[in-house]
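Report on the following structure.
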Amino acid sequence: MIAPERLSAERARQLDAADPLTAYRERFVITDPDLIYLDGNSLGRLPRATLAVLTDVIRLQWGERLVRSWGEGWFEAANRIGGKIGRLLGAADGEIVLADSTSVNLFKLVSAALAAQPGRHTILTDDLNFPSDLYILQGIAQRAGSEYRIRVVPSSDGINGPAEAITAALDEDTALVTLSHTVFKSGYTYDMAAVTQAAHRAGALTLWDLSHSAGSVPVALNGAAADLAVGCTYKYLNGGPGAPAFLYVRRDLQAALPNPISGWIGQREPFDFAPDYAPAAGIQHFLSGTPPILSLAAVEPGVDLLLEAGMAQLRERSIRLSEYFIDLWESQLAPLGFRLQSPRDPAWRGSHVSIGHDDAWRINLALIHDMKVLPDFRRPDNIRIGIAPLYNTFTDLHQAVARMRQVVVGRHYERHDGAATKVT
Ligand SMILES: Cc1ncc(COP(=O)(O)O)c(C=O)c1O
């Protein structure tokens, strides 16, 4: 039993005051201090610096410099910011670039990996993977006729990744293993190095979806010898809605992997306007069309904040915050019927914690509409508590739990009929 004083509001304030990283909260636009935002794993908050950066890009670079800006930094932006994301993810300069969406990048890299693995026809994944990733795989397999087989390894409990079963399923037909490094519902995080090593022993390549890991858990792409990766920038990287995604291709693989969307920006000499495609060297040939400069520019300030604060320190804070939340769950929410639907051991968990309840959907609606708490919801019964270590605080979590209790004890959720909002 956790001593009540360890979970008091005063104690939450003390924990916030004692942590120097709490100051990073001030670097974000927070217009309503009473709103508890726990959805940074879906859409990260707006960094204050982004306002100034975008004003400059729009007023000066676009408004005044016009087309000259392409030669004054715009063409390099996708690589420059990719290099910074590489520093967060343990990749070298020239191994990460920003382009397109995560789904499109996944399409490009899965197609490229399959082309580089002739004679192998199985793609291994799990049933915890993000649906868009599975849809992209299905689309690729469908276009290839009956050539490819997607093997979706099931999780035994819907929480933990089936790492052992995936390793056991590897064979000489496995072309690619593709997984979400941190899975979107439960927050389970794979051991990237172990899975990659097993895949390599079987001659398979690995492709990691880092959408829920980038900016929340330390990732060592090179250290794990990972082959390929993709990920969103609008979650813990705080790049803004629909911000371009990133893709990673290990340097020694780059020349051998063809981009199936062989557009002019990935051409060796785009401004020669030659009729035939020849791929640019390095990561550049994974670009296809003109980079979206406004949304690209918006990614950089959030990445700079993470680099400044340091991933190791942020991870440590994320664990302290999520362990604190789980302590609160255990003493104050579990007795009200809430279930923990994330791994209990932080070593296997990213930076969000899922809790379930028989009335989870209506509770989630009551939190959003009546209580100024914004978590998100993933069917059938996961309320995801996204804990962004750059701006969430112990006080946020303390207040969120108090409001959750209020919703359930006061039966406020019964007023909601379950009408769905589109995105939460
Ligand atoms: C793990 C994961 N992969 C892929 C995607 C899809 O990203 P996009 O919409 O940028 O293609 C998401 C979106 O939330 C995600 O959470």
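Each reported figure results from applying straightforward, stated rules to the coordinates on display, with no laboratory input. Computed from a predicted structure; not experimentally measured. Please note: Cβ atoms are built from the backbone with ideal geometry, for glycine as well, and neighbour counts cover all protein chains shown.
By the helix-only formula, in which each DSSP H run with n ≥ 4 contributes -39500 (n - 2.57) and the sum is divided by residues, the chain has a 222 nm mean residue ellipticity of -10000 deg cm²/dmol.
Given their separation in residues at 0.36 nm each and the Cα-Cα distance between them, Glu147 and Ala225 gain 25.3 nm when the chain is fully extended.
Could you work out the Rg to Rh ratio of the range 198-298, with Rh taken as the Kirkwood radius (inverse of the mean 1/r over all Cα pairs)? Display every interim value, and only then the final one.
Working: Rg = 15.4 Å, Rh = 15.2 Å.
That ratio equals 1.01.
Would you work out the relative contact order for the chain, in percent, from Cα pairs under 8 angstrom that are 6 or more residues apart? Please report the intermediate quantities before stating the final value.
Working: 812 pairs, mean separation 94.2, N = 424.
Here the relative contact order equals 22 percent.
DSSP bridge analysis restricted to the chain gives an antiparallel fraction near 55%, rounded to the nearest 5. For the range 1-136, the orientation-averaged shadow of the C-alpha convex hull comes to 14.8 nm² (one quarter of the hull surface).
Arranged from fewest to most other beta-carbon atoms within 10 Å of their beta carbon, Ser146, Ser262, Ser342 become Ser146, Ser262, Ser342.
Pairwise inverse Cα distances across the range 263-303, averaged and inverted, put the Kirkwood hydrodynamic radius at 11.3 Å.
Calculated FRET efficiency, Arg65 and Ser101, Cβ-Cβ r, R0 25 Å, to nearest 0.05? For Arg65 and Ser101, the calculated efficiency is 0.35. Hydrodynamic radius of the range 126-186 by the Kirkwood approach over all distinct alpha-carbon pairs: 12.4 Å. Label sites at Glu323 and Arg411, each approximated as a point 7 angstrom past Cα along Cα to Cβ, lie 3.9 nm apart.
With contacts taken as Cα pairs under 8 Å at a separation of at least 6 residues, the range 54-159 carries a relative contact order of 19 percent. By other beta-carbon atoms within 10 Å, ranking Leu66, Leu237, Leu54, Leu179 with the fewest at the front produces Leu66, Leu54, Leu179, Leu237.
Gain on full extension, evaluated as 0.36 nm per residue between Ala115 and Ala168 minus their Cα-Cα distance, stands at 16.7 nm. With no solvent and one point per C-alpha, what does the Debye sum give as log10 I(q)/I(0) for the chain at q = 0.06, 0.08 Å⁻¹? Log-scaled intensity ratios, in q order: -0.26, -0.46. Computed log10 I(q)/I(0) for the range 124-275 at 0.10, 0.19 Å⁻¹: -0.39, -1.30, from the Debye equation with unit scatterers placed on every C-alpha and solvent omitted.
Can you check what the Kirkwood hydrodynamic radius comes to for the range 324-424, Cα pairs only, in Å to one decimal? Before the final figure, lay out each step's value.
On the way: mean 1/r = 0.0733 Å⁻¹.
In the range 324-424 this quantity evaluates to 13.7 Å.
Ranking of Ile81, Ile136, Ile150 by neighbouring Cβ atoms within 10 Å, starting from the fewest: Ile150, Ile136, Ile81.
Length gained on full extension, Ser156 to Leu134, computed as 0.36 nm times the residue gap minus the Cα-Cα distance: 6.1 nm.
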